[in-house]
Amino acid sequence: MSEAQSNSTNDLCIEIRNMNKWYGDFHVLKNINLEVSRGEKIVICGPSGSGKSTMIRCINRLEEHQQGDIIVDGTELTNDLKNIDAVRREVGMVFQHFNLFPHLTVLENCTLAPIWVRNTPKAEAEATAMEFLERVKIPEQANKYPGQLSGGQQQRVAIARSLCMRPNIMLFDEPTSALDPEMIKEVLDTMVSLAEEGITMLCVTHEMGFAKKVADRVIFMDEGEIIESNKPHEFFDNPQHDRTKLFLSQILGH
Amino acid sequence: MTMTKQTYVPGTHPSLPPPKGTTGIAYWLKMNLFSSLSNSVITLLAIYLLYLAIPPAINWLFLDATFVGTSRKDCAPDGACLAFIGERFNLFVYGFYPAELRWRVNLTAILLVVASAAVLWDKIPARKYMLWFALAYPLIAAWLLLGGLGLESVSTHLFGGLMLTLTIGVTGIVCSLPLGILLALGRQSNLPIIKYFCIGFIEFIRGVPLITLLFVASTMLSYFLPPGSTFDLLLRVLIMVSLFASAYMAEVIRGGLQALPKGQLEAAESLGLNYGQSMRFIILPQALKVSIPGIVNTFIGLYKDSTLVIVIGLLDPLGIGRASVADSAWLGLSTEVYLFVAIFFFISCFGMSRYSLYLENKLNTGHKR
Amino acid sequence: MSTPTTNPLLRAWYDKETRSVIIQIIAAALIISFFAYIINNAVTNLAAIGKDINFGFLWQNASYDINQTLIEYSSTSSHFKAMIVGLINTLLVAVAGIFLATILGFLLGIMRLSSNWLTQKIAYVYIEYIRNVPVLLHILLLYGVILNALPRPKSSYNLNDTFFLNNRGLQMPSPEFESLFWVVAAFLVGGLAFSLWFKRYAKKIQDATGKIYPVGMISIGAIVLLPMAVYFLIGSPIVWDVPALKGFNFKGGIVLRPEFIALWLALSLYTAAFIGEIVRAGIIAISHGQTEAAQALGLSNSFILKLVVIPQALRVIIPPLTSQYLNLAKNSSLALAIGYMDVVATIGGISLNQTGREMECMLIVMAIYLAMSLLISSVMNWYNDRIQLVER
């Protein structure tokens, strides 16, 4: 069950209503209902296979849903290509495996979309790119190639690349799961500073410290359903559902 | 907007079947063949082309074809004349090998299967003895086919057909393996003279067409041999084919050596093994195992390339086919003959390449990195 | 009794540097003596039958005709000229083959990746059939089909009375360029220059203002459409020598002999199958995550292909593509199986048989192929080095 924020029913960024998705015969997302207000930060957690990545990938149509509605910033996601393009311009995504373009420099990675999607002049795109590269604290790497950077640096470039399109919503799909431990902090710090600026964020992650610090809501998913959704301190201190309790004991135990 | 009829307590939602129209045959057809206008047009075009091409081909090749007969006159005019296959079958398989001695060829073939199984199949019983047998197989095969030492001698001029193809292919691979290993190791060597000699040899062989090397075998190779000696044509061809295959084999093994983690050689050296021992016990066994699919592919390539021997007068199945076409009983049948040989090669090569894919998959799962 | 550390010889052997030098000296000695041995054998054997190594025969009369030549040649020309004719024929079929094979190969690769199940399977069956049958057989089959299926000149397949297809080949009209054609040629060259300039100009505009011009369309217009329009406007300044049936055969125009057509088609169809697999492997090699990242940024499909997938796929495709080009060039040597007079059939075939100079002729043929291989490899290696990904 979802809990809508009481003071922003007229400023919903994302509405998911009765969404169901199947892979062939496998029912992977079951009756998802979710409302995200502008500026809200949501952390989604759950065991693997619970469908959390699939769900956020439906939001920018990297996956298609078979039943239900998904409305992003007022635009409904259907097979209409125009709508899909419009949504993807406003939604940024950071992937677990960075997916930087290895044949382009860091700067070119960041300016690619603004130039070819928003028809931005090159100088302006580069200025924006440098601004965001400074935000993620690696402006000096601008002319290097992704293959020359460490994992943490690459992920920060990926974040800057998405930000260059100035999206309203940022999706994070396990952004630190592929990083060596010593590099997780630098990426999480970047995400925390991003959160403090007011952008709407949906983050699939196992980093519960990050959730406690930044999230407005924590959602627990299991076997394709949203089991529980609550403010962080209530979620961690007072889990309602048995499965939530079990998951928290496993993940916070060590 | 469709809504599910029931709401469930969180954690109890059952797995429902997908909505109608999203699975099943109709859905598959829609997605794979008719997903858009252009896709549908392409599908219809493809179906039309297939309709134009396939039924006439089936008619000609099977329904109207004549399968039995003793000469061209027995064949129906509209269909393929496939009667020659039955007539000439033994020639295609054994060449001109004396009929009463063909059991030796059959035995060689059976032992070939056994020897290959010994090498390729991990779980063969009594593996150690089987490997020794595989090592001795070339000598046994040579004795069986050529004769001498108690068996009646058969001149190599009588070799032909499938037997010839297999002789060339198997000998080529077996001889090229040790040579290829040496070349691959030499190419990786730090010693410039050895390294550049190996590179030069490999690049030379790979830069010239096989047909020129076969010409060399048939016309010129005898000049380079000691004065007064005469080497059999088949032997000369086998020498050139082995040299040819060794260059390609060297590249395959080089790939296998590169696939090994560097740490293997370092571990061997740090244990105190010298170069020869590291190679023999650690590096080569692993590299060869990884190279097996590549080796099988080289064999398939050699098998196909062996048809080139018809330009120097040896009669592989294609050569036998052409000779049959010239025979007055079957004059003018070139299409059927070529098609028959083509299908023969297709079946054998396709089978071998499927096996090679299977080997590759099997080895990949064992070598997870 | 000297111990290993005091005996200088043994110490030298165990010293890594010295040992490598010693081994190399031994290896060099073995190699040199082996070659000396076989060369000595060769010289002795040749002397015994009265031959020597002499390239003078190249300037003697060839005394044979070649049925397809691009340059002036007659039976009184020298063997050297025959070699040149053969070489030109080889290059002709190799270049034409590479061209057609690349187009067909990329088409096949795209078909293999198509979402349409039928096209995928048709391409798959084609590729598997081609790859598992020896190339010599493909050449012979195609040649046989062409000879058997095509009619005699009297009843040729006729396209508009200008193109004729029969068992003597494809008769095509040959162009004779009138003086006014210079205008069209000027527009062609101008169009080329213009599109090169326009590409640069459009990029400048895009950098400055973000506006994207349709460079591809405009280039096609400048290079193809405009010269064509000019051609027709000034009265079509090309006179076509159209082939016409005179007696049993055609006179006039150019003829593509069935040997050339068969070899060219067979080589192209054969190599295209391998290229198709290479293209497919290249595109699959680009991880799906790249496409997803580009989609998440809002790039349209055509831009994703152009900016993200194809640049990376080319890096994977070029090296094996080079090998296939080399194979095609080498496979062209099978021309003699159907009577196409390439370099192997002329200098390595008829000239060799007539003069008996096997060594010299084979050396020439091998040298020519080695040069071709080297050329193709170097060009591709240079291109490959240029587009390498930069990594740590």
Seminar exercise, completed: Quick shape check on the stretch C:1-117: root eigenvalues a ≥ b ≥ c of the Cα gyration tensor, a/c under 1.5 is rounded, otherwise prolate if a/b tops b/c, else oblate, and it reads oblate
Exercise. Of all the stretches in chain C, which is the longest one without any exposed loop site, taking chymotrypsin sites (Phe, Trp or Tyr not before Pro) in a DSSP loop (any state but H, G, I, E, B) with at most 14 other Cβ atoms within 10 Å?
Worked result: C:56-247
Exercise. Could you name the lysines in cross-link range of A:Lys21, using Cα to Cα under 28 Å and dropping any fewer than eight places away on the same chain?
Worked result: A:Lys30, A:Lys41, A:Lys52, A:Lys82, A:Lys231, A:Lys245, B:Lys5, B:Lys20, B:Lys30
Exercise. To the nearest 10 degrees, how steeply does helix A:181-195 sit against the main Cα axis of chain A, on a 0 to 90 scale?
Worked result: 90
Seminar exercise, completed: Checked chain C with the C-alpha gyration tensor, a ≥ b ≥ c its square-rooted eigenvalues, rounded below a/c of 1.5, otherwise prolate if a/b is larger than b/c and oblate if not; verdict oblate
Seminar exercise, completed: Sparse-neighbourhood loop hits (chymotrypsin sites (Phe, Trp or Tyr not before Pro), the stretch B:187-233; DSSP loop; Cβ within 10 Å at most 16 others) -> B:Phe231
Exercise. Once amide H atoms are built 1.01 Å from N in the peptide plane, which residues 5 or more positions from A:Lys41, or in another chain, come under 5 Å H to H?
Worked result: A:Met201, A:Asp216, A:Arg217
Exercise. Is the stretch A:105-179 rounded, prolate or oblate when judged by the Cα gyration tensor, a ≥ b ≥ c being the square roots of its eigenvalues, rounded requiring a/c under 1.5 and prolate requiring a/b larger than b/c?
Worked result: oblate
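Taking Rh as the Kirkwood radius, which is the inverse of the mean 1/r over Cα pairs, what is the Rg/Rh value for the stretch C:172-268? Please report the intermediate quantities before stating the final value.
Values: Rg = 20.2 Å, Rh = 16.8 Å.
Result: Rg/Rh = 1.20.
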Seminar exercise, completed: On the formula 1/(1 + (r/R0)^6), with r taken between the Cβ atoms of C:Ile318 and B:Trp103 and R0 of 51 Å, the FRET efficiency rounded to 0.05 is 0.45
Seminar exercise, completed: Given the candidates C:Phe194, C:Val125, C:Ala208, the one whose Cα lies deepest towards the positive end of the charge dipole of the stretch C:73-216, counting +1 at each Lys or Arg C-beta and -1 at each Asp or Glu C-beta, is C:Ala208
For this session: Just report the Cα centroid separation between the stretch C:227-289 and the stretch C:295-336, whole Å.
Result: 21
Exercise. So how much slack lies between A:Ser177 and A:Lys231, counting 0.36 nm per residue of separation and subtracting their Cα-Cα distance, in nm?
Worked result: 17.1 nm
Exercise. Lone cysteines in chain B, going by a 4.7 Å Cβ-Cβ cut-off?
Worked result: B:Cys175, B:Cys198, B:Cys349
Exercise. Whose amide H sits under 5 Å from the amide H of C:Ser63, counting only residues 5 or more places off or on another chain, with H placed in the peptide plane?
Worked result: C:Ser77
Exercise. Using DSSP loop states and a limit of at most 14 other Cβ atoms within 10 Å to flag GluC sites (Glu not before Pro), what is the longest stretch of chain C containing no flagged site?
Worked result: C:179-390
For this session: Could you work out how far the C-alpha centroid of the stretch A:34-81 sits from that of the stretch C:21-43, in angstrom?
Result: 74
For this session: Apply the Karplus parameterisation 6.51 cos²θ - 1.76 cosθ + 1.60, with θ equal to phi minus 60°, to every residue of the stretch C:384-390 and state each ³J(HN,Hα) to the nearest whole Hz, in sequence, with x for glycine and proline.
Result: 4, 4, 5, 9, 4, 6, 8
For this session: Name the residues whose placed amide hydrogens come within less than 5 Å of the amide hydrogen of A:Gly68, ignoring near sequence neighbours (fewer than 5 apart) on the same chain.
Result: A:Asn20, B:Thr2
Exercise. Which of B:Leu82, C:Leu328 comes first, and how do the rest follow, when ranked by fewest Cβ neighbours within 10 Å?
Worked result: B:Leu82, C:Leu328
Seminar exercise, completed: Neighbour-count ranking for C:Arg200, B:Arg236 (other C-beta within 10 angstrom, fewest to most) reads C:Arg200, B:Arg236
Problem set entry | Two-decimal log10 I(q)/I(0) for chain A, as the Debye equation yields it once each C-alpha is a single scatterer, q = 0.13, 0.16 Å⁻¹ | -0.83, -1.24
For this session: Only helical DSSP H runs with n ≥ 4 go in: add -39500 (n - 2.57) per run for chain C, normalise by residue count and round the 222 nm mean residue ellipticity to 500 deg cm²/dmol.
Result: -21000 deg cm²/dmol
Seminar exercise, completed: Within 10 Å of the Cβ of an average residue in B:221-227, the count of other chain Cβ atoms is 6
Problem set entry | Antiparallel content of DSSP bridges confined to the protein assembly as shown, in %, to 5 | 70
Seminar exercise, completed: Expected integer from the mean partner chain Cβ neighbour count at 10 Å over C:287-294 is 6
Seminar exercise, completed: Here, chain B modelled as identical Cα point scatterers in vacuum has Debye log10 I(q)/I(0) at q = 0.06, 0.09, 0.13 Å⁻¹ of -0.37, -0.74, -1.17
Exercise. HN-Hα J couplings of the stretch C:179-192 from phi, Karplus 6.51/-1.76/1.60, θ = phi - 60°, integer Hz, Gly and Pro as x?
Worked result: 5, 5, 4, 4, 4, 4, 4, 4, 5, 4, 4, x, x, 4
Exercise. So what's the projected area for the stretch A:43-123, the Cα convex hull averaged over all directions, in nm²?
Worked result: 7.3
Exercise. Using only the Cα atoms of the stretch B:188-234, what do you get for the radius of gyration and for Dmax, in Å?
Worked result: 14.5, 40
Exercise. Roughly speaking, what % of Cα-Cα pairs in the stretch C:95-218 are separated by over 20 Å, rounded to a whole number?
Worked result: 73
For this session: With all distinct Cα pairs included, what does the Kirkwood hydrodynamic radius of the stretch A:68-109 come out to in Å, to one decimal, could you say?
Result: 12.5
Exercise. Under a point spin-label approximation (7 Å from Cα along Cα-to-Cβ), what is the B:His157-C:Ser78 distance to one decimal in nm?
Worked result: 4.1
Exercise. When the gyration tensor of the stretch B:150-261 is built from Cα positions, what are the square roots of 5 times its three eigenvalues, in whole Å, from largest to smallest?
Worked result: 29, 17, 12
Problem set entry | In order through the stretch B:343-349: 3J(HN,Hα) via Karplus (6.51 cos²θ - 1.76 cosθ + 1.60), integer Hz, x for Gly, Pro | 5, 4, 4, 4, 4, 5, 5
Seminar exercise, completed: Within 10 Å of the Cβ of an average residue in A:113-126, the count of other chain Cβ atoms is 5
Problem set entry | Whole-Å distance, taken between Cα centres, linking the stretch B:163-206 and the stretch A:98-151 | 48
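Rounded to the nearest 20 debye, what is the charge dipole size of the stretch B:232-341 about its Cα centre when +1 sits on each Lys and Arg Cβ and -1 on each Asp and Glu Cβ? Could you put the intermediate results ahead of the total?
Numbers: 7 positive and 8 negative charges, 58 e Å.
That gives the stretch B:232-341 a dipole magnitude of about 280 debye.
Give the order of A:Glu131, A:Glu90, A:Glu182 when sorted by the count of other beta carbons within 10 angstrom, beginning with the fewest.
A:Glu182, A:Glu131, A:Glu90
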Problem set entry | the protein assembly as shown: radius of gyration and largest Cα-Cα distance (Dmax), Å | 35.3, 108
Seminar exercise, completed: Projected onto the charge dipole of the protein assembly as shown (unit charges on the beta-carbon of Lys, Arg, Asp and Glu, signs +1, +1, -1, -1), the Cα from C:Gln324, C:Ile286, C:Met83 with the largest positive-side position is that of C:Met83
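The numbers here are math on the coordinates, done by the rules we state, and not lab data. Model, not experiment: these values are computed from the prediction. Please note: Cβ atoms are built from the backbone with ideal geometry, for glycine as well, and neighbour counts cover all protein chains shown.
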